[in-house]
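Peer 1: Here it is: the structure, laid out below.
Read-outs throughout are calculated quantities, based only on the coordinates presented, and are distinct from any laboratory measurement. What you are looking at is a predicted structure, and each value in this text was computed from that prediction instead of being measured. Note that we place each Cβ from the backbone using ideal geometry, even for glycine, and neighbour counts take in every protein chain shown.
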Amino acid sequence: MSLRLDLEDKDFRKTKKFTWLSSNSESIIRDAKIVEFDHLINKEKVEENDDFDALVNRDSIVETRIFASSAVNQLNPGDCLQFLRKGNYRMDASGVFFYIPDGSSKN
């Protein structure tokens, strides 16, 4: 991965964030997957004459590969945690982390 410092960019809301993870012998980094769900219908109010197939959001599941501290290996299915700058997630039995909506808009 490579990063570039841009001191001129002052729009921090759209800036990609990252967090350093140590790779020393005591702290192993592991791959993980987080899953987020978007709205199934892409219109706020469905009208009687609307073409339902055109309203379905076919890309409503977003899967992202992340790097996590090996401490996540100690979690049990159903445990919740917060990934910094991402949100709260619940781990399922296969070790995948699913986003827990907090009611705020992602716009």
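Peer 1: At 0.36 nm per residue, and after removing the present C-alpha to C-alpha distance, how many nm does the segment from S69 to V46 gain when stretched out fully?
Peer 2: 3.9 nm is the gain from fully extending S69 to V46.
Peer 1: For an R0 of 25 angstrom, estimate the FRET efficiency from the Cβ-Cβ distance between F83 and S60 and round to the nearest 0.05.
Peer 2: Computed FRET efficiency for F83 and S60: 0.75.
Peer 1: If R₀ is 41 angstrom, what is the calculated FRET efficiency for the pair F98 and E8, using the beta carbon separation as r and rounding to 0.05?
Peer 2: 0.65
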